[in-house]
Structure formats: structure tokens, C-alpha cells
Amino acid sequence: MTELLNIVILTGAGISAESGVATFRGPGGLWEGHRVEDVCTPQALAHDPELVHRFYDERRANLAKVEPNAAHRALARLDAEWQGELLLVTQNVDDLHDRAGSKRLLHMHGELKSALCALCGVQSEWADPLPPGTPCPSCDAPALRPDIVFFGEMPYHMETIDAALSQADLFVSIGTSGAVYPAAGFVRTARHHGADTLELNLDRSEGSGWFAESRLGPAGTLVPHWVESLLS
Ligand code: APR
């Protein structure tokens with residue numbers, strides 16, 4: 001086994017593409033069919049809650065039709081077998097890393113399977129449709145919203161992520177376009193603290209130039225290969 005590196009991994013929509021979850025940018029991406037400002041901002045939620053809730057209801061319902069792929073499973077294997085420090089940070093709101101079995105996992109942009117009370121801030125597991133006005137199981141206010149970090153809101157777990165990046169020996173980015181901050185800046189933070197950097201992506205991303213190495217191809221092939229090389 002390679003010397004016990006301290007590893008931080010960032011994943012984006014590309015890792016779930018081969019499972020049948022739509023990415024955001026590019027042909028057929030979610031942001032081709034919807035304007036970000038209409039469904040993914042606090043203003044949109046205030047202006048047209050029906051539309052915003054329906055958008056996430058549809059995506060939540062789609063989770064029942066998709067399964068983790070070889071890339072999710074490889075990262076879960078790495079989580080189980082890696083003896084050193086490891087943190088998997090995902091921008092994805094699907095539950096495919098969870099279902100594959102990753103444990104050292106943080107969802108920085110929220111989760112489809114969670115509801116957030118806009119009043120008391122309590123998060124509740126949520127599997128069903130979530131109409132606007134649904135009462136919070138904790139405080140009973142009719143204020144439950146999708147537990148999704150909208151543009152203009154603070155991503156979750158940033159203190160933990162920053163601390164992990166400052167300690168990382170290796171930062172690996174998988175299936176993300178590098179278009180959205182703060183995640184797009186993680187490679188620079190990791191480099192600043194001396195980490196080696198590797199990108200695994202279908203094509204060159206906006207951040208490719210910041211990585212010491214970029215391997216291009218589908219995550220379902222590249223990730224198992226990388227994990228195998230690390231564990232052997
Ligand atoms: N394997 C690897 N990479 C892939 C694959 C695949 N099979 N399919 C697509 N990709 C790559 C694309 O080339 C692209 O670079 O995945 C990336 C997906 O980019 P985006 O759609 O922009 O998704 P992501 O980077 O996760 O978006 C970041 O933007 O709108 C927000 O909050 C949303 O978390 C999301 C954030």
C-alpha cells in the first residue's frame with residue numbers, strides 16, 4: 001500500500017452521470033432546462049415556492065431509479081480500507097455515495113433526502129414529496145424547504161473541509177466542472193498547503209490548469225483504477 005497519505009476527495013455531478021443522474025452544465029444538463037435563478041436561489045424560493053419545491057421533488061423521486069456506479073463503489077472501498085486520514089466531500093445532493101457505503105463523507109451542498117426548517121433550522125430525513133407549507137417535525141412551523149444550499153447561501157461543513165485541506169497530502173477532484181466556488185478553489189487551498197493534486201474528469205474542466213495531473217475519461221473507469229493503484 002502507498003505510504004499513508006492524508007487524502008481529501010471532492011466529487012461533483014460527473015461521478016453520478018453514469019448512474020443516470022443529470023449533470024448541471026453541458027448538453028442535456030439541468031441548467032439547460034432550468035434557469036438557476038428560478039430554482040436555486042433564496043429569491044426563487046420566496047417568489048415561486050411551488051416551482052422550487054417541485055424541481056427538487058422530481059429529483060428526489062428520481063433517486064429511486066438510480067444506483068451507485070463503479071466509481072461510487074470504488075470510493076466506498078477506499079473509505080473502508082484506507083488506514084490513513086480520508087475525507088470525501090461531495091457537491092452532489094444525491095445519496096449515491098451514502099448508498100455505496102462511504103462513511104467519511106460530507107455533503108457540502110445539502111441533500112435531496114433531507115428537509116430543512118427555515119424557522120428553527122432543524123434538518124429532518126425526508127423521502128417523500130415536500131409541498132410548500134409542510135410543518136416542521138421539530139417546531140411545527142409550516143416552514144420546511146428542501147435542504148439544498150442555494151446560490152448565495154453558505155455551503156455546509158466549511159470549517160471541517162478547510163481544516164482537512166490544510167492537512168492534505170493529496171487532493172483529488174472527480175467529475176466537477178470547477179465552475180462553482182468555494183469548491184472550485186479547494187485545489188488552490190490544498191496546493192497552498194503542499195498537497196499533490198489530481199483531477200479525474202471526462203474532459204478538461206475550468207480548473208484543470210491548477211492540478212499537477214489531469215486524467216481524462218469516465219469516472220466509472222478512472223476511479224476504480226486509481227483506487228486499485230492506491231490500495232495495491
Ligand atoms: N465521468 C467523469 N466526469 C464526467 C462524467 C463522467 N462520466 N460525465 C460528465 N463529467 C464531467 C463534466 O465534463 C463536467 O466537467 O463532470 C462535470 C460536471 O460538471 P457540472 O455539471 O458543472 O457539475 P458540478 O461541477 O458538480 O457543479 C457544481 O454547481 O449548480 C451547482 O450546486 C450545483 O453542486 C453543483 C455545482
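The values are calculated or read from the model by the stated rules, or taken from the named source; none is laboratory data. Since the structure is predicted, the reported quantities are computational estimates derived from the model, not experimental observations. Positions of Cβ are generated from backbone atoms using ideal geometry, with glycine treated the same way; all protein chains shown enter the neighbour counts.
Things worth noting here:
- Restricting attention to the range 91-139, the residues that are among the polar types (S, T, N, Q), closer than 17 Å to ASN62 by Cβ and within 13 Å of the chain's Cα centre (by Cα) add up to 1.
- Boolean, SER102 is of a type in the set (S, T, N, Q) and either buried (at least 16 other Cβ atoms within 10 Å of the Cβ) or closer than 27 Å to TRP31 by Cα (or both): yes
- Filter pass, GLN123 being under 24 Å from ARG54 (Cβ atoms) and either more than 13 Å from the ligand (Cβ to nearest atom) or at pLDDT 95 or above (or both): yes
- Residue list for the range 35-65, restricted to those being of a type in the set (Asp, Glu) and either under 17 Å from ALA13 (Cα atoms) or surrounded by fewer than 16 Cβ atoms within 10 Å (Cβ to Cβ) (or both): GLU37, ASP38, ASP48, GLU50, GLU58
- TYR156 falls short of the stated requirement of being within 16 Å of the ligand (Cβ to nearest atom), exposed (fewer than 14 other Cβ atoms within 10 Å of the Cβ) and either assigned by TED's automatic domain parsing to the domain that holds GLU50 or within 16 Å of the chain's Cα centre (by Cα) (or both).
- Filter result for SER166 (over 26 Å from VAL180 (Cα atoms) and surrounded by fewer than 19 Cβ atoms within 10 Å (Cβ to Cβ)): no
- Among (1) modelled with pLDDT of 95 or more; (2) assigned by TED's automatic domain parsing to the domain that holds PRO218; (3) among the charged types (D, E, K, R) - the single one ASP57 does not satisfy: (2)
- Considering GLU228, GLU213, GLU206, the condition of being within 13 Å of the ligand (Cβ to nearest atom) and not hydrophobic (A, V, I, L, M, F, W, C) is satisfied by GLU206 alone.
- Selected residue [touching a strand residue (DSSP E or B) at 6+ places or on another chain (Cβ under 6 Å), surrounded by 15 or more Cβ atoms within 10 Å (Cβ to Cβ) and under 22 Å from TYR56 (Cα atoms)] from VAL180, VAL149, VAL187, VAL172: VAL149
- Subset of the range 124-136 [of a type in the set (Asp, Glu) and part of a loop (DSSP other than H, G, I, E, B)]: ASP128
- Positions within the range 140-149 being among the aliphatic types (A, V, I, L, M) and within 18 Å of the chain's Cα centre (by Cα), in sequence order: ILE148, VAL149
- Those helices (runs of 4 or more DSSP H) of the range 1-87 in which at least 3 residues are farther than 17 Å from VAL223 by Cα and of a type outside the set (Phe, Trp, Tyr), considering only elements entirely within it, cover 30-33, 36-39, 42-47, 49-62.
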